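This report refers to the structure that appears directly beneath it.
The values are calculated or read from the model by the stated rules, or taken from the named source; none is laboratory data. This one's a predicted model, so the numbers in the text were calculated from it and none came from an experiment. Here the Cβ positions follow ideal geometry from the backbone for every residue, glycine too, while neighbour counts run over all protein chains shown. These area figures cover heavy atoms from the full protein model, side chains too; ligands, DNA and RNA do not enter into them. Shrake-Rupley method; radii C 1.70, N 1.55, O 1.52, S 1.80 Å.
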Amino acid sequence: MVETSPFPADTEHVITTSKVNFFYGATQALFDITMDIPGRRVTAFIGPSGCGKSTFLRIFNRMNDTIAGTRLEGDVRINGEDIYRNGSNVVRLRRKVGMVFQKSNPFPKSIFDNVAYGPRIHGTHDKQQLAEIVEKSLIRSALWDEVKDRLESNALGLSGGQQQRLCIARALAVGPEILLMDEPASALDPKSTIRIEDLIGELRNEYTIVIVTHNMQQAARISDYTAFFYEGHLVEFNATKKIFTKPREKQTEDYITGRFG
Amino acid sequence: MWKDKAMRLLMLSAASTSIFLVALIFIFLMKESAPFVLKPGLGALIDRQWIPVSFVEEHFGILPLVTGSALVTGLSMLFTIPLSVLGAIYIAEIASPVEREILKPFIELLASIPSVVLGFFGLVVLAPLIKNLFGLGTGLTALTGALLLTLMAIPTVITLSEDAIMSVPRAYKDASQALGASDLQTIFQVIIPAALPGIIAAIMLGVGRVIGETMAVLMVTGNSAIMTWSPLAPVRTMTATIAAEMGEVSFGSMHYQALFWIGLVLLAVTFVLNVIAQRVLVRYGMMK
Ligand SMILES: Nc1ncnc2c1ncn2[C@@H]1O[C@H](COP(=O)(O)OP(=O)(O)O)[C@@H](O)[C@H]1O
Ligand SMILES: [Mg+2]
């Protein structure tokens, strides 16, 4: 797979992985994945269900650690730092790498307390300061205008799309550099999906965003780079435009033209 | 169709039977205790002495029995709540699958021990222990009863609290961990608050069991109807009084009626506790 790099010369790679293998017990889910993810860009992971997109995404904030019997081989670095070395600080890592899940999962607490949760557990208790963080995060996630008059009401009373934007605000509130999103709009109606996509567009210059999606139009719309996975292998990774117009691999082409998956 | 109807009717009658029975019991209690209101009057119940049989002057003061029940129940909840809630958290969130396999059957076993057997254990093992530990004249104290009741309440409260904790969606835990929360932060700031209604219900059921329990306290609390708040003093609870004296009391006497009043008070207390529990549940239930 020798080829010219898809990245401009001045690209800073925030996440780099080298020969990553991942196992659930005895079952191998990822094979030999080497990939450099550029900073302050949107990178989309596409591929048929079960090909390992979520598994790979969850490696970057070590969420797979919470599943018993998993094992990782290879090298994963964020800003050059080996995040799986012994003694690596998972709390610090997860402050830097926020995550938004497929199904919106606000806590059964008030809107304010949801957003303030992260800052609080990391030691911010000053009321004024928390209020500022909450406001800033909600503005950032394009939810402020809808909820500013009911910050104390329960988050579970929000609509699905609002809940997902709240989850994004909650992730932003701890000041991450990287945002991992695992099919963040797959459970939402088209209108809410558009809002989330617009939001990603607004965040793209400030955050390194990695988004899993099974929706190829979505990947084409919102991402700068796209990685196609198949059965645990990284088949192709290139500028999104290239992937969708001139894929190099036959498998990629078959997938994006809808021949399988 | 007729099968459906018959089934409906059967279930309806089963349901209404219980309502009917409750009403019947209540009416019976009222009827048996009613004459006491006229003579000697309800004021007689508010007395610090319970001396229902006497050649000099009878006293039907239920205050020492109420304080006895309150002391034993209160002490017992003081032990039960932290032990059970921490135990439930451990089993649900921290224990390895192997530990869980070992712990759970033991808790179920504890739940299945008849209270008389526990009372026997209290009499033979616990009472002497407490007597020697505190250098008392007798080991039959409020504390002894409370400890036994704790053993009885723990399985219920642990099991129900554990259910409540286990039913908290995994997604909350994921969200908390992904924000960099430690396991303990996740447990105490997300999981426990989300499980709180269930935990409160579990505690209320535990209190119910403890207040109503008769046999064990009858055996180990020393049965002296003296008003005290000392955990190391012998006391007598309302339930134990009814159980001990109902067999010998002369039918229809003032003593007999006073025992029914104790029953009514007990009923009122458990009713109030239930209402409070419901209120709490509704309030937090809305939060869910
Ligand atoms: N918790 C788990 N335990 C065991 N196997 C899992 C687990 N999660 C995912 N897998 C397996 O790993 C593979 C990749 O899954 P996943 O990363 O969820 O795929 P995708 O997100 O692309 O649909 C699948 O074969 C799946 O069955
Ligand atoms: Mg997935």
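Annotations for the structure displayed:
- Filtered by the rule that a residue be among the polar types (S, T, N, Q), within 6 Å of ligand 1 (Cβ to nearest atom) and either open to solvent by less than 10 Å² (accessible area, probe 1.4 Å) or under 12 Å from the mean Cα position of the chain (by Cα) (or both), the range A:35-67 gives A:SER54, A:THR55.
- Residue count for the range A:140-151, restricted to those that are within 20 Å of the chain's Cα centre (by Cα) and open to solvent by 30 Å² or more (accessible area, probe 1.4 Å): 2
- Scanning the range A:113-133 for residues that are surrounded by 23 or more Cβ atoms within 10 Å (Cβ to Cβ) and either over 15 Å from A:ALA169 (Cβ atoms) or of a type in the set (A, V, I, L, M, F, W, C) (or both) yields a total of 2.
- Condition met for B:VAL53 (β-branched (Val, Ile, Thr), open to solvent by 30 Å² or more (accessible area, probe 1.4 Å), touching a helix residue (DSSP H, G or I) at 6+ places or on another chain (Cβ under 8 Å) and in a loop (DSSP other than H, G, I, E, B)): yes
- Residues that are within 16 Å of ligand 1 (Cβ to nearest atom) and modelled with pLDDT of 95 or more, drawn from the range A:185-212: A:VAL210, A:ILE211, A:VAL212
- Residue that is modelled with pLDDT of 95 or more and buried (at least 19 other Cβ atoms within 10 Å of the Cβ), where the choices are B:VAL190, B:VAL207: B:VAL190
- Within the range A:68-109, the only residue that satisfies the criterion of being within 30 Å of B:ARG283 (Cβ to Cβ) and surrounded by fewer than 19 Cβ atoms within 10 Å (Cβ to Cβ) is A:LYS103.
- Residues satisfying the stated conditions in the range A:9-34, i.e. over 14 Å from the mean Cα position of the chain (by Cα), away from ligand 1 (no atom under 16 Å from the Cβ) and closer than 21 Å to A:ILE78 by Cβ: A:ASP10, A:THR11, A:GLU12, A:HIS13, A:THR16, A:SER18, A:LYS19, A:THR34
- Enumeration of residues in the range A:57-79 that are within 16 Å of ligand 2 (Cβ to nearest atom) and within 12 Å of chain B (Cβ to nearest Cβ): A:LEU57, A:ARG58, A:PHE60, A:ASN61, A:MET63, A:ASN64, A:THR66, A:ILE67
- Scanning the range A:177-205 for residues that are part of a loop (DSSP other than H, G, I, E, B) and either free of Cβ contacts under 8 Å to residues at least 60 places away in the same chain or open to solvent by 10 Å² or more (accessible area, probe 1.4 Å) (or both) gives A:GLU177, A:GLU183, A:ALA185, A:SER186, A:ALA187, A:LEU188, A:ASP189, A:ARG204, A:ASN205.
- Among the numbered conditions (1) within 16 Å of ligand 2 (Cβ to nearest atom); (2) more than 14 Å from every other protein chain (Cβ to nearest Cβ); (3) among the small types (Gly, Ala, Ser), the only one that A:SER54 does not meet is (2).
- Here A:SER159 fulfils each of the conditions (1) within 14 Å of chain B (Cβ to nearest Cβ); (2) open to solvent by 40 Å² or more (accessible area, probe 1.4 Å); (3) under 29 Å from A:ILE46 (Cα atoms) apart from (1).
- Residue match in the range A:86-98 (condition: more than 30 Å from A:TRP144 (Cβ to Cβ), assigned to a helix (DSSP H, G or I) and at the interface with chain B (Cβ under 9 Å from one of its Cβ atoms)): yes
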